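The values are calculated or read from the model by the stated rules, or taken from the named source; none is laboratory data. Just so it is clear, the model here is predicted, and its values are computed rather than measured. Neighbour counts run over all protein chains shown; Cβ positions are idealised from the backbone, glycine included.
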Amino acid sequence: MKMLVLLGAILFEVIATTSLKMSYGFTKLIPSLVTVIGYFCSFYLLSLALKSFSLGTAYAIWSGLGTAITVIVGVILWHESVSLPRIIGILLVIIGVIVLNVAESLPAEVHQTQ
């Protein structure tokens, strides 16, 4: 359940960021409203996710996956460039999110340092 809340926060963040581009500097009403509402919903759901996730892990997943998905949306909607470095960067973000998820689920003893 906690992951669904965080994924919802990511979805709203991607919608808001996409609408931000479509708002043309807040000169178009509907995309501007979607941007404000989307970010509000995203931050609200992120605040709920922070009850279950550590701050660093939640923020890394939220911003990392949000960034990766937003890049993909940009490629699809605006035909932004796709290059090997961009693909490698997105893959590294996704790998990092996976590692953080695995680390979050490990027992507390593993996280302690001497």
Exercise for review: Test each condition in (1) crowded, with 17+ Cβ neighbours inside 10 Å; (2) small (Gly, Ala, Ser); (3) under 15 Å from the mean Cα position of the chain (by Cα) for Ser47 and report the one that comes out false.
Suggested key: (1)
Revision key, fill the gap. Expected output for the range 91-114 (first residue loosely packed, with under 10 Cβ neighbours inside 10 Å, partner modelled with pLDDT of 75 or more, Cβ below 9 Å, 6+ apart or cross-chain) is Val110/Ala103
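May I ask you to say which residue of Thr67, Thr35 is free of Cβ contacts under 8 Å to residues at least 40 places away in the same chain and crowded, with 19+ Cβ neighbours inside 10 Å?
Numbers: Thr67 fails: crowded, with 19+ Cβ neighbours inside 10 Å.
Step by step, each of Thr67, Thr35 is checked, and only Thr35 is free of Cβ contacts under 8 Å to residues at least 40 places away in the same chain and crowded, with 19+ Cβ neighbours inside 10 Å.
Kindly provide the set of residues from the range 38-86 that are in a helix (DSSP H, G or I) and either polar (S, T, N, Q) or at positive phi (or both), ordered by number. Show your work before the answer.
Of all residues in the range 38-86, those in a helix (DSSP H, G or I) come to 38-49, 55-78, 84-86.
Of everything in the range 38-86, those that are in a helix (DSSP H, G or I) and either polar (S, T, N, Q) or at positive phi (or both) turn out to be Ser42, Ser47, Thr57, Ser63, Thr67, Thr70.
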Point to revise | Subset of the range 3-32 (residues that are surrounded by fewer than 17 Cβ atoms within 10 Å (Cβ to Cβ) and either touching a Phe, Trp or Tyr at 6+ places or on another chain (Cβ under 6 Å) or more than 24 Å from Ile72 (Cβ to Cβ) (or both)) | key: Phe26, Thr27, Leu29
Exercise for review: Determine whether Thr57 is surrounded by 15 or more Cβ atoms within 10 Å (Cβ to Cβ) and of a type outside the set (Asp, Glu).
Suggested key: yes
Check your understanding: Glu80 passes all but one of (1) modelled with pLDDT under 95; (2) surrounded by 12 or more Cβ atoms within 10 Å (Cβ to Cβ); (3) under 18 Å from the mean Cα position of the chain (by Cα); which number fails?
Key -> (3)
